[in-house]
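One structure is given below, encoded as structure tokens.
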Amino acid sequence: MQRNSEVEDLKPVYLIVGEDPYFFNQSLKKLKQRLEREGDLLLDYQEFDAGELDTEALMNALRTPSFLFGKRVVVLKRIEQLKEADRQRVKEYLQDPADSSSLILQLGDPKKGGPWRKMVGARGEVREKEKYTWNQLRSWIRQKVGQGGKSISGDALQELIIRVGPDLEQMEKEIEKLLLYYADDQEIKKAGVEKIVSRSRESSVFHLLNAVGRRKAEESLSTFKNLMIQEKNPLGLLALLTRHFRHLILAKSFYEQGGSQRQIEESLQVRDFVAASYLEQIRNFTNKQLTKVYRLILETEYRIKSGELEPTKALELLIVGIVKVR
């Protein structure tokens, strides 16, 4: 059988870095498509998980010649989970990778990628995707919606991001549902997003913090009650409220000293859309009010730990106290 030059051009090793599973799946899909053009991928494709790795089976897969094509594709996921002995075996292999195989390594934690980047970069290719900024995420969503022949209103787009967050894999699924729901309409609207797209726990927490920061009592209490139904963890929410208002105090200080949104992002280590929400929320509080809020939070924590107040009731009272602070 004549070999496909595209398959032969596959590098002996790839490192795909990033926390976003969507980016990994899309990168892997493109590499697999180069094999699928020539027949049955099942014969020349194999996956392993570093958390449950049989190292001998991995090495055998890498050293086995291709059945049909010029290359076998072997995927090793979550290499940050490798045990020390297995890590050394993989690193030894990278010193002299087989010509007959293409090893694709997935690294979810970019902070652990230093040595891997260096080793793979010398013999293969490193693919890395930074987290989407607010504007990039907006553009990506509009592009996906446009590919479905629709448009999306500005408030619907914002609601979709709040509900789903930066999880592109989940976002793509929600967009597909919205395209079906709006099959007979040209534009996706906020009402449809609210009806079709469920809130993740993370987006519900963000929505709660955002509502409290905007001093919306009814919205804050409604979101809090829904969170208590999903996961009854008032102490966890208290910790998040503490962190949130600590950030608002710092953000207000940065802003009043002439700091930009970008500086707030870097100083507080938050995403750009979170920093943007901070800038919106700090307009609702004076410095004196923020100090009062922080004292309220500390008092609530003490009253819970001393047994004076039941945690859920204490959080409800705290939320009301924050939005009504004078």
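The values are calculated or read from the model by the stated rules, or taken from the named source; none is laboratory data. Computed from a prediction, not measured in an experiment: that's the story for all the values here. Here Cβ is always computed from backbone atoms with ideal geometry, including for glycine, and neighbour counts include all displayed protein chains.
Can you confirm whether LYS292 is assigned by TED's automatic domain parsing to the domain that holds ASN210, at pLDDT 95 or above and not aliphatic (A, V, I, L, M)? Criteria met by LYS292. Within the stretch 100-158, if we keep just the residues that are of a type in the set (A, V, I, L, M) and not in a strand (DSSP E or B), the residue that is farthest from VAL90 (Cα to Cα) turns out to be ALA156. A search for C-beta distances below 7 Å between a residue of the stretch 212-223 that is farther than 18 Å from TYR278 by Cα and any residue that is of a type in the set (D, E, K, R) and surrounded by 15 or more Cβ atoms within 10 Å (Cβ to Cβ), counting only pairs 6+ apart in sequence or on different chains, returns LEU221/GLU316.
So, THR64, is that one of a type in the set (S, T, N, Q), assigned by TED's automatic domain parsing to the domain that holds ASP96 and modelled with pLDDT of 90 or more or not? Considered against the rule, which asks whether it is of a type in the set (S, T, N, Q), assigned by TED's automatic domain parsing to the domain that holds ASP96 and modelled with pLDDT of 90 or more, THR64 comes out as no. The set of residues in the stretch 92-124 being closer than 20 Å to GLU19 by Cβ and surrounded by 14 or more Cβ atoms within 10 Å (Cβ to Cβ) consists of ILE104, LEU105, GLN106, LEU107, GLY108, PRO110, GLY113, TRP116, ARG117, VAL120. Being modelled with pLDDT of 85 or more and more than 23 Å from ASN226 (Cα to Cα) is the filter here, so list the residues in the stretch 160-172 that pass it. Answer for the stretch 160-172, where residues must be modelled with pLDDT of 85 or more and more than 23 Å from ASN226 (Cα to Cα): just GLU172. Scanning the stretch 175-216 for residues that are surrounded by 15 or more Cβ atoms within 10 Å (Cβ to Cβ) and among the aliphatic types (A, V, I, L, M) yields ILE175, LEU178, LEU179, ILE188, VAL193, ILE196, VAL197, VAL205, LEU208, LEU209, ALA211, VAL212. Just to be sure before I move on: is SER204 modelled with pLDDT under 95, assigned to a helix (DSSP H, G or I) and within 24 Å of the chain's Cα centre (by Cα) in the structure I sent? Yes; evaluated as a whole, the condition is true for this residue. Restricting ASN226, ASN233 to residues that are under 24 Å from the mean Cα position of the chain (by Cα) and over 30 Å from ASN135 (Cβ atoms) narrows the list to ASN233.
Restricted to the stretch 174-201, and to residues there that are aliphatic (A, V, I, L, M), at pLDDT below 95 and outside any helix (DSSP H, G or I), the residue that is farthest from the chain's Cα centre (by Cα) is ALA183.
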